[in-house]
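Quick notes on the structure that follows.
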Amino acid sequence: PICYFLDLVIKSLEERYGPEVVYHGGLKVTTTIDPQLQSMAEDSLRNGLQGLDRILGIDEATGRGSGSDGARPQGALVTVEVNSGSIKAMVGGRSYVETEFNRAIENNRLPGSSFKPFLYYTAFEKLGLNPATVFVDRPVTIPVKGAPDWEPENFGLKHEGPMILKQALMKSVNSIAAQLVEQTGPELVIATTRRCGITSALEPVYSIALGTSGVSPLEMASAFACFANGGIRHEPFWIWRVEDALGRVLEEHIIGGERALDASIAYQVLDLMRGVVDQGTGSVIRRMGFNLSAAGKTGTTDGYYDAWFTGFTPTLCASVWVGYDRGEGLRDANGIGITGGRAAAPIWADFMRKATEGDPPREFMIPPDI
């Protein structure tokens with residue numbers, strides 16, 4: 001699976017120097033990959049997908065999938081260093097030999113509720129709300145010009161009444177997300193994602209609040225790192241330096257972040273995402289024994305086509321996506337849909353546990369005005 005990363009490196013070198021120089025020019029290229037983290041990422045994704053095969057009732061011996069064309073679910077994992085943007089590990093699928101399609105960067109899949117932190121940031125910044133603001137979880141109908149009304153459903157199809165926004169994100173309550181986006185408008189939410197570095201085409205519709213426009217795992221990891229880093233954004237990169245055959249430096253990456261988000265609002269959203277891991281839809285991470293400071297968000301799309309978990313520690317941010325390549329939902333042997341908390345978060349926890357082994361406990365920086 002390191003081939004997925006090498007493909008990315010070679011493709012970008014060819015664009016800059018041409019195939020002739022890349023293959024015959026004696027270039028010396030230093031990449032950002034951490035071989036140890038890469039190997040851990042490969043293990044965690046492989047083990048996680050094998051575990052998912054069992055849940056789906058896929059025959060281990062024949063490898064026959066539960067998908068209509070005999071396919072097995074795929075996955076991707078990408079991790080970036082929070083304070084630099086350098087890609088430390090990237091796995092783009094189960095097997096490079098079977099398919100060279102790199103799901104970590106080329107796959108535009110719907111992020112579902114893992115998109116909500118951008119919505120909450122926008123609501124805090126533009127509407128002056130905060131994690132303790134009370135909203136009512138109730139049925140919502142939003143009129144849409146020239147289209148049917150939008151009536152988003154909660155995951156469990158029930159409503160719990162008044163709750164603070166921190167609780168609403170921890171439980172991933174769709175009706176409250178809908179009320180927030182109705183007040184901010186979808187355009188402002190998209191503007192927030194652009195500041196965090198998401199470049200995929202996003203539809204300016206109310207349902208953007210529930211992640212109905214496709215993004216890649218690399219975009220998600222890089223954008224969430226912005227929250228981990230106090231609102232400072234780093235462009236993701238994969239090449240540190242390139243030297244020619246004579247040792248002359250042709251290019252070198254200089255780390256320089258820029259402020260994308262307000263530090264104290266970013267911290268409030270980070271704190272909501274910490275609740276997701278500690279007691280919310282991502283609490284499987286704590287149950288699996290990962291105890292360091294962490295924050296993140298699960299995502300599950302309609303029909304269970306996509307399962308996500310994107311999250312971070314103070315040093316590393318990783319995004320995990322799991323799903324079938326083509327129109328098929330993730331359902332277990334009993335026909336019950338599989339969520340991001342069940343399919344993607346355990347892979348993230350397994351990887352992070354290995355990646356941070358022996359690290360001293362670190363805390364997220366608290367802005368002075370919080």
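Of all residues in the stretch 99-123, those satisfying the criterion of being within 28 Å of Q268 (Cα to Cα), of a type outside the set (S, T, N, Q) and open to solvent by 10 Å² or more (accessible area, probe 1.4 Å) are R109, L110.
Evaluate the stretch 237-259: report whether one residue or more is part of a loop (DSSP other than H, G, I, E, B) and basic (K, R). Yes, that holds for at least one residue. The set of residues in the stretch 348-360 that are out of contact with any Leu (no Cβ under 6 Å at 6 or more places or on another chain) and in contact (Cβ under 8 Å) with a residue 12 or more places away in the chain comprises W348, A349, D350, F351, M352, R353, K354, D359.
Quick check on the stretch 22-45. Is at least one of its residues closer than 24 Å to S293 by Cα and under 15 Å from the mean Cα position of the chain (by Cα)? Within the stretch 22-45, one or more residues are closer than 24 Å to S293 by Cα and under 15 Å from the mean Cα position of the chain (by Cα). Scanning the stretch 323-338 for residues that are crowded, with 16+ Cβ neighbours inside 10 Å and touching a residue at least 60 places away in the same chain (Cβ under 8 Å) yields a total of 8. Selection over the stretch 77-129 of residues that are among the aromatic types (F, W, Y) and outside any helix (DSSP H, G or I) gives a count of 2. Of the residues R353, R326, the single one that is closer than 12 Å to I285 by Cα and touching a Gly at 6+ places or on another chain (Cβ under 9 Å) is R353. Under the condition of being open to solvent by less than 30 Å² (accessible area, probe 1.4 Å), part of a loop (DSSP other than H, G, I, E, B), touching a residue at least 60 places away in the same chain (Cβ under 8 Å) and among the hydrophobic types (A, V, I, L, M, F, W, C), the residues counted in the stretch 271-295 number 1. Scanning the stretch 8-28 for residues that are aliphatic (A, V, I, L, M) and in contact with an Asp or Glu (Cβ under 6 Å, 6 or more places away or on another chain) yields a count of 1.
Results for (1) in contact with a Gly (Cβ under 9 Å, 6 or more places away or on another chain); (2) open to solvent by less than 10 Å² (accessible area, probe 1.4 Å), shown as yes or no for each residue.
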{"site": "L129", "(1), (2)": "no, no"}
{"site": "R138", "(1), (2)": "yes, no"}
{"site": "P148", "(1), (2)": "no, no"}
{"site": "P162", "(1), (2)": "no, no"}
{"site": "A168", "(1), (2)": "no, yes"}
{"site": "S175", "(1), (2)": "no, yes"}
{"site": "T193", "(1), (2)": "no, yes"}
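Note on the stretch 233-270: residues that are open to solvent by 40 Å² or more (accessible area, probe 1.4 Å) and among the aliphatic types (A, V, I, L, M) total 6. Does G25 qualify as being within 20 Å of V249 (Cβ to Cβ) and open to solvent by less than 40 Å² (accessible area, probe 1.4 Å)? So G25 passes the test.
Considering the stretch 239-268, the residues that are among the basic types (K, R) and in contact (Cβ under 8 Å) with a residue 24 or more places away in the chain include one that is farthest from A228 (Cα to Cα), namely R241. When the test is whether a residue is within 14 Å of K116 (Cα to Cα), of a type outside the set (G, A, S), without any contact (Cβ under 8 Å) to a residue 60 or more places away in the chain and open to solvent by less than 20 Å² (accessible area, probe 1.4 Å), I208 does not pass it.
The values are calculated or read from the model by the stated rules, or taken from the named source; none is laboratory data. Just so it is clear, the structure is predicted and the values come from calculations on it, not from any experiment. Here the Cβ is made from the backbone with ideal geometry for all residues, glycine too, and neighbour counts use every protein chain on show. Remember, those area values only see protein heavy atoms, side chains included, never the ligands or the DNA or RNA. Shrake-Rupley method; radii C 1.70, N 1.55, O 1.52, S 1.80 Å.
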